[in-house]
Amino acid sequence: MSPNRATQPHRPRWPRRLRQALLGLLTLALIAAAGEWAARRERQARTEALQQALQVYTLGLRGVAGRFDALPYATARYPDILALLQHPRDQALRARVNRSFEDLQGRTDSAALYLIDAQGTALAASNWNTRDSFVGQSYQRRPYFVQALQGQRSAFYGVGMTTGRPGLFIAEPVRQQGRVLGVVAVKVSLDAVEQTWSQSVDPVLLLDARGIVFLSSVPQWLYRSRRPLAPEDLRQLGEQRQYGEHADATALPWSIERRADRPDYLLHASLDGRPRSWLALDAHLPELGWTLTVTADNAEVEQARRQALVLSTLAAAVLLLAGLYWQQRERRFAEQRQARRELEQRVQERTQDLQQAHAFQKAMEDSLVVGMRARDREGRIIYVNPALCEMVGLRADELLGCTPPYPYWHPDDLDRHQRESEATLQGRVAPQGFESRVRHRDGHDVITRVYTAPLIDAEGRQQGWMSSVVDITSQKQAEARQREQALQLQRSARLASLGEMASTLAHELNQPLMALSSFALAARALAAHPPLPQGDGGALLISALDDIVAQARRAGEIVQRIRGFIRPQHSRRETCALPPLLDHVLALLQSDLQAHQVQIELHLAPDLPELRIDRVLIEQVWINLLQNALQAVQDQPPARRRIEIAVQPTEQTLEIRVRDHGPGIPPALAEQVFTPFFSTKPEGLGLGLSICRTLVEAHGGHLCLQQTDGEGACFSFTLPLTPAP
């Protein structure tokens, strides 16, 4: 260390901190000054735009008023006007003036033109033939009439007493030799001006001499005053009815900020439920006594201030960062050296982690029982795990690099293996996998299921295919044993169904056998008489014997159909129309229906299609359902002994419904009624509905119990339009 440096005094730290504090304060002052300058500049630009807008709106208002300024003056000079004021009862003269006013109103596009006598009553008007005509109305209290009657030309804006619509009223006295005889008034509508203002983004206002807003692009501010009105002004408003029912003219909740050196001012108000601020500028129209106010949103001025503050802050931040950059530059070199040493240490640690992860991965692969095989896009094996090697009895070095055909392919399935391999390499991968039989090195077969997915590298590109090979040999053997057991169970079930089939035969043959017995008794009774002539007795005997033959044939057909039902290859199906089939069923049950006085109501859709069915079996279904319905209603009063039969086609089926009006079936027994040997009747076997459901399902249909909205039970079954295969 040199002597000069050793003897140099130590500088205190506070002057440096003081300089930093002063620099910070100076920076903040510059930022604030930049924001204020930007706000002032933006406000000046907005004020200039407001002045231009003010000139445009002022010219528009003066143009509307000036357009009709000469109309009352010219009209007051018409000879007919003076004549009507002198002879107000002349109806022809009044009619001529009305038509003249109507013509002038149409040519000038004014709202109305009318003549008022010295007492304030309208003698003629352009709207003389309308429902809200001015003729006969009194206007003696209207300010424009009072001033014109005093010999002064006047302009007045207000709400019409007759129509209730606002407008500008321009009045001109009608004189004769210096004496005022009456007043000519024209009403000018400012609807076009108001409609133009309504499209303005910011509010535009027009105030009268009292400060009441009578025209505004903001409807909420209409007929409210800029400041509280004096009692005298409120009294005059009520008497003159200048603004109709709006005579209170409550003050607007505005807050105004003005500066003596600026023509504009800030207007603070609430609009649509949220506070707003506008930059406002006024213009006086002395010839009309109005004040026009235009505004511009002050948010843009504040936005310019904020943007300047942000930009200046960013500039200061950039300068600060530039200074800090040089300060950090020296530190960076030291940190880089330190980072290099830390990086080398992390690389070493990462290498150890990778080695441990590789060892863990290998241990996990060795423990898998599922074979894994990876192939490139040409089908070359690039990876196998120990489970696959054990599955096929080959080492990994014997499999790596192999291309189809692979050494473990089964020699009897080489063509199939080749097709599956080509499909996989072409991307036709079955997501559910496929079965494959391979040959173990020792010669035994191994049944596998192979699942394949694309092999994607770290950059997202497909490099080949990864397959999972599952040994399902034991599963296949178990399935074979299960199939054998299922066949044995089916044989046992067929033996068990013999008892049910015997009951079915007894149930179905009961009807024709009972009929045979009845017809045989009748034939014996007829035969016991002396020799019968060839008259009615002989005919009855022949009829009874014919019925015996028919029922015997029917019993035989039932046996054959049930045999066909057991052995479907012998089933006899034919094309049948349902109406004749239903007639035959009702003919068989006719005696029972007449005995119990049961009525049948048919609801058959027109043009029913024909079905291919086993006629005898479907007849049995219909007979069973109708007999159940007949038994349900036979104990009911005569009015409820009705059975409804409805046949209605749907898109793919034909629906048949049989409904009775008996006591019905409780909901708890709705499904049990189809259970074999379940019956609610003491003498019933409980097989009828079970047999019906079986026969319907054998035809590809469905039988069910439908819910009814009242009394009775309704059974419905469907038959397919296209017979089930």
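The values are calculated or read from the model by the stated rules, or taken from the named source; none is laboratory data. Here the structure is a predicted model, which means the values were calculated and not measured. All Cβ positions, glycine included, derive from the backbone under ideal geometry; neighbour counts span all protein chains shown.
Residues of region 267-306 that are loosely packed, with under 15 Cβ neighbours inside 10 Å and of a type in the set (S, T, N, Q): 270, 303. For the residues 162, 121, 130, the requirement of being more than 60 Å from the chain's Cα centre (by Cα) and either in the same structural domain as residue 285 (by TED's automatic domain parsing) or β-branched (Val, Ile, Thr) (or both) singles out 121.
For residues in region 224-263 being among the small types (Gly, Ala, Ser) and out of contact with any Leu (no Cβ under 9 Å at 6 or more places or on another chain), which is surrounded by the most Cβ atoms within 10 Å (Cβ to Cβ)? First the steps, then the outcome.
The first filter runs over region 224-263 and keeps only residues among the small types (Gly, Ala, Ser), leaving 225, 230, 238, 244, 247, 249, 251, 255, 260.
Now drop any that are not out of contact with any Leu (no Cβ under 9 Å at 6 or more places or on another chain), which leaves 230, 238, 244, 260.
Working: 230: 10, 238: 11, 244: 14, 260: 4.
Applying the filter and picking the extreme gives 244.
Could you check region 115-128 and list, in sequence order, the residues that are at pLDDT below 90 and surrounded by fewer than 17 Cβ atoms within 10 Å (Cβ to Cβ)? The one that is at pLDDT below 90 and surrounded by fewer than 17 Cβ atoms within 10 Å (Cβ to Cβ): 118.
I'm checking my understanding of the structure. Among residues of region 426-458 that are under 16 Å from residue 377 (Cα atoms) and of a type in the set (S, T, N, Q), which one is nearest to the chain's Cα centre (by Cα)?
Step one: list which residues in region 426-458 are under 16 Å from residue 377 (Cα atoms), which gives 426-429, 452-457.
Pick out the ones that are also of a type in the set (S, T, N, Q) and you get 426, 452.
On the way: 426: 43, 452: 41 Å.
Result: 452.
Only a single item in (1) touching a strand residue (DSSP E or B) at 6+ places or on another chain (Cβ under 7 Å); (2) under 20 Å from residue 119 (Cβ atoms) is not met by residue 158, and it is number (2). When we screen 100, 110 for residues that are closer than 27 Å to residue 222 by Cβ and either surrounded by 15 or more Cβ atoms within 10 Å (Cβ to Cβ) or in contact (Cβ under 8 Å) with a residue 60 or more places away in the chain (or both), the only hit is 110. Taking each residue of region 251-273 that is closer than 15 Å to residue 219 by Cα and looking for partners that are basic (Lys, Arg) and part of a strand (DSSP E or B) with beta-carbon atoms closer than 8 Å, six or more apart or interchain, yields 269/276; 270/276. Among the residues of region 141-178, how many are in a strand (DSSP E or B), over 22 Å from residue 61 (Cα atoms) and either free of Cβ contacts under 8 Å to residues at least 24 places away in the same chain or not aliphatic (A, V, I, L, M) (or both)? Residues meeting the conditions: 3.
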